[in-house]
1. If I ask for residues that are buried (at least 16 other Cβ atoms within 10 Å of the Cβ) and either modelled with pLDDT of 60 or more or part of a strand (DSSP E or B) (or both), which ones from the range 201-210 would you list?
2. Identify, from the list Ser173, Ser192, the residue that is farther than 15 Å from Val11 by Cα, at pLDDT 85 or above and open to solvent by less than 70 Å² (accessible area, probe 1.4 Å).
3. Hey, which of the helices (runs of 4 or more DSSP H) in the range 1-113, taking only ones fully inside, have at least 1 residues that are without any contact (Cβ under 8 Å) to a residue 12 or more places away in the chain and open to solvent by 10 Å² or more (accessible area, probe 1.4 Å)?
4. Does Val168 satisfy the criteria of being over 29 Å from Glu18 (Cα atoms) and modelled with pLDDT of 80 or more?
5. Does the range 180-188 contain at least one residue that is of a type outside the set (Lys, Arg), modelled with pLDDT of 90 or more and touching a strand residue (DSSP E or B) at 6+ places or on another chain (Cβ under 6 Å)?
6. Just to be sure I understand, how many residues within the range 161-170 are open to solvent by 30 Å² or more (accessible area, probe 1.4 Å) and either of a type outside the set (D, E, K, R) or part of a loop (DSSP other than H, G, I, E, B) (or both)?
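The values are calculated or read from the model by the stated rules, or taken from the named source; none is laboratory data. Predicted, not measured: the structure shown is a model, and the values here were computed from it. Counting neighbours? That spans all protein chains shown, and the Cβs are built from the backbone with ideal geometry, glycine included. With ligands, DNA and RNA removed, areas are computed over all heavy atoms of the protein, side chains included. Shrake-Rupley method; radii C 1.70, N 1.55, O 1.52, S 1.80 Å.
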Amino acid sequence: MPTVNPHISIVSPEYKGEKMVHELVSRIVASVEKITKNYEIILVNDASPDNTWTEIEKECKANPLVKGLDLSRNFGQHYAITAGLAYAKGDWVVVLDCDLQDIPEEIPKLYKKAQEGYDIVYAKRKIKHVSWSKRMSSVCFHTVLDWSSGTKTDPAIGNFGIYKNTVVSSINSIPQQARGLQTLLDVVGFKSSFIEVEQAPSARGGSSFTLQKLFKQAFNVILARTNKPLRFAVKLGFIMSALSFLLAVYNLIARLTGIIQLSGYTTTVFSIWFVGGLMLFVMGILGLYIGKIFDQVKGQPLYIVRESMNF
């Protein structure tokens, strides 16, 4: 008898979710069963340092529709999502975080909106339970991203949403090393919409993203999305060259007309420092792009699954 693919797949990356796994699964099941009994829940343990995988194993043993992936090391949230999407077989795929800020009870609303003919339906969060500092850092990140990429992004839209299997297949076909779900969705296109959803406080008590991880993700997204920083470096170099030429002309005229009686070293020293810093800045931008090319040509796997259950 041929295997029937699930109608809906739920993908959730897990990190430090030991205390949330059971509630997460229970609430997902209660919500998805309002739509269909033919579903699967894929929990991807991103090498969490606590007992998250043990809890996932318990849920997999209790319910064969719950499936687990245990990654060999901590690859990062978007790589864990990539792993889940690669294993998802549903006609529709929902992605949500494990800390219960993405409310599972909103899934039927996303699905209902998708049935109006959309391939992608984003969950636009009503931002309530976010600190002022995190909200401002998000605004700053999206401002820089919008400037660098020439697009308009929404800080209220994250990974939470529902995606048609054709969208997921298109994302899975992209071998890009720098992963970011929103970036990949922008690449593949498709007809999209959004609905406003509630956002709950994090059951974890805080974000698992450190400042270092946030910066790393920001660089990955910007470098994967656009080459505008390179064009900016070229323009900056041209402007500085023009200013240097004008300054040289001024100094020559000033010396010939007697405006400058005694030449000093201050202007020379600061000019050298400034130009040296500018060169290092431009070389740094080039180095980041070359580093991404290096990562890509190495052909390393996006993720490695150490163990799986119920697949």
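1. Ser202
2. Among Ser173, Ser192, only Ser192 is farther than 15 Å from Val11 by Cα, at pLDDT 85 or above and open to solvent by less than 70 Å² (accessible area, probe 1.4 Å).
3. 21-32, 52-62
4. When the stated conditions are applied, Val168 does not pass them.
5. no
6. Qualifying residue count for the region: 4.
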